[in-house]
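Heads up, the thing below is written out as structure tokens.
The values are calculated or read from the model by the stated rules, or taken from the named source; none is laboratory data. As the structure is a computational prediction, the values presented were derived from the model and not from experiment. Here the Cβ positions follow ideal geometry from the backbone for every residue, glycine too, while neighbour counts run over all protein chains shown.
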Amino acid sequence: MYKTGKKEAVIIFIVLSLISPFRLTGQESSGKMSEYIPDIDVILKTKLEHDLDNSLMRFEVRNARFGLRGKINEKMSYRTQLDLSDEGQMKMLDAYIRFTPVKNLDFYLGQRKIPFSTDYMRNPAENIFANRSFLSKYINNGLRDIGFFASYKFSETLPVEIFAGAVNGTGNNNPQWISRPNFAGRILVGNEKGFRTAFNTYYGEAPDKIHLAMFGAEIRYATESFLIESEYIKRNWTDTLSFSQHDDGLYIHSYYHFPVRNELVKMITPVFRWDFTGSSIFSNNIDVNRLTIGFNTGFDSRPFYSEIRLNYENYFRGTLPIHTDKLTLEFIARF
């Protein structure tokens, strides 16, 4: 584990963010300085939840993320990110260096989210809903790791992007010695607009899972204002008692941005999601099944930057007692 304490980590992060631009002033000419000044990004996600089944409520700072990204030269860039409140815990998130020897080819060394699942890789502001999907919360949870990653983009009429990675398999901020790494792969086909599909795979071991194998497939259609997306993931493993285990999950979600000509409100976005998870959802072995509906009110012309979200979650079925019907009010600030 990293030995730097939480307090020291925050101080180092803030100091580096503040002094980096001034250090660069002496290294670069005034004409090029702005190109190498780091970009600082912040995501704040705060919410009020009401448990409709038990008549309970709570206030929460769900995320308070500070990120720093920039480049050293044309070939090498970097990314660091820290969350001061990830469900009440402070965590170092991204910490990697990217090397780009030629156009469209990138190598990453360090810690980041493993490229598996579009929904999982979204940041908290882009998650669309107040709460994550079951796939991100349960099946993909723990897929941020330290390793070596590569990606290549084929810039043709039909864009194709290939990701591959080798990681410790020991999880976030945990650089343990291993006999062999875990492996991840992802193929993304299509543009941001129109139809796009992706296929994901992950093999290896986890602290409580032997012979872990995950497979996923995604399909989406998007325009400037509309998105509909669905994803399925299946996970197999052997537990510590040598019993074979498996689970899977599926979601379909959608939204539509309605522009508003108003000095205060810039857009209204109705949102919809239906998601499942269980030991075998197509055999009706469902642990939890949820419908989420709501609307996001945007106060910026860009979606997912300045929003108030109101979500209603209805659980049709659940063997997991932690899930109850909820009404959530959420504020999003991203800059």
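Numbers below:
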item	result
Pair list, Cβ under 6 Å, 6 or more apart: the stretch 138-166 residue without any contact (Cβ under 8 Å) to a residue 12 or more places away in the chain, other residue basic (Lys, Arg) and surrounded by fewer than 20 Cβ atoms within 10 Å (Cβ to Cβ)	none
Check on residue 149, within 18 Å of the chain's Cα centre (by Cα), surrounded by 15 or more Cβ atoms within 10 Å (Cβ to Cβ) and aromatic (Phe, Trp, Tyr)	yes
Only listed residue being over 18 Å from the mean Cα position of the chain (by Cα), closer than 28 Å to residue 146 by Cβ and in a strand (DSSP E or B), chosen from 233, 187, 178, 162	162
Residues of the stretch 261-298 classified as free of Cβ contacts under 8 Å to residues at least 24 places away in the same chain and surrounded by 14 or more Cβ atoms within 10 Å (Cβ to Cβ), total	3
Residue among 84, 48 that is under 22 Å from the mean Cα position of the chain (by Cα) and at pLDDT 90 or above	48
Sole residue being surrounded by fewer than 14 Cβ atoms within 10 Å (Cβ to Cβ), at pLDDT 90 or above and either touching an Asp or Glu at 6+ places or on another chain (Cβ under 9 Å) or not in a helix (DSSP H, G or I) (or both), chosen from 63, 131, 141, 73	73
Residues being in a strand (DSSP E or B) and over 24 Å from the mean Cα position of the chain (by Cα) - total across the stretch 278-296	3
Options 255, 221; residue that is crowded, with 18+ Cβ neighbours inside 10 Å, over 30 Å from residue 175 (Cα atoms) and at pLDDT 95 or above	255
Condition met for residue 317 (surrounded by fewer than 19 Cβ atoms within 10 Å (Cβ to Cβ), modelled with pLDDT under 95 and more than 24 Å from residue 141 (Cβ to Cβ))	no
Unmet requirement for residue 183, which otherwise passes all of (1) more than 30 Å from residue 89 (Cβ to Cβ); (2) surrounded by 13 or more Cβ atoms within 10 Å (Cβ to Cβ)	(1)
Filter result for the condition that a residue is among the charged types (D, E, K, R) and within 24 Å of residue 289 (Cα to Cα), over 186, 196, 132	132
Criterion: within 27 Å of residue 83 (Cα to Cα) and either touching a Gly at 6+ places or on another chain (Cβ under 6 Å) or of a type outside the set (Asp, Glu) (or both) - qualifying residue of 216, 147, 204, 194	147
Boolean, residue 299 is at positive phi and either at pLDDT 95 or above or within 21 Å of the chain's Cα centre (by Cα) (or both)	no
Criterion (touching a residue at least 24 places away in the same chain (Cβ under 8 Å), farther than 17 Å from residue 161 by Cβ, buried (at least 18 other Cβ atoms within 10 Å of the Cβ) and of a type in the set (Gly, Ala, Ser)) met by exactly one of 190, 216, 204	204
Sole exception among (1) buried (at least 18 other Cβ atoms within 10 Å of the Cβ); (2) modelled with pLDDT of 95 or more; (3) aliphatic (A, V, I, L, M) for residue 162, by number	(1)
Residue match in the stretch 309-324 (condition: free of Cβ contacts under 8 Å to residues at least 24 places away in the same chain and part of a loop (DSSP other than H, G, I, E, B))	yes
Number of the condition not met by residue 157 [criteria: (1) among the β-branched types (Val, Ile, Thr); (2) under 15 Å from residue 115 (Cα atoms); (3) part of a loop (DSSP other than H, G, I, E, B)]	(2)
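Residues are listed down the side, and each one gets a yes or a no for (1) out of contact with any helix residue (DSSP H, G or I) (no Cβ under 6 Å at 6 or more places or on another chain); (2) farther than 26 Å from residue 106 by Cα; (3) of a type in the set (A, V, I, L, M, F, W, C):
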residue	(1), (2), (3)
156	yes, no, no
162	yes, no, yes
202	yes, no, no
208	yes, yes, no
228	yes, yes, yes
238	yes, yes, no
241	yes, yes, yes
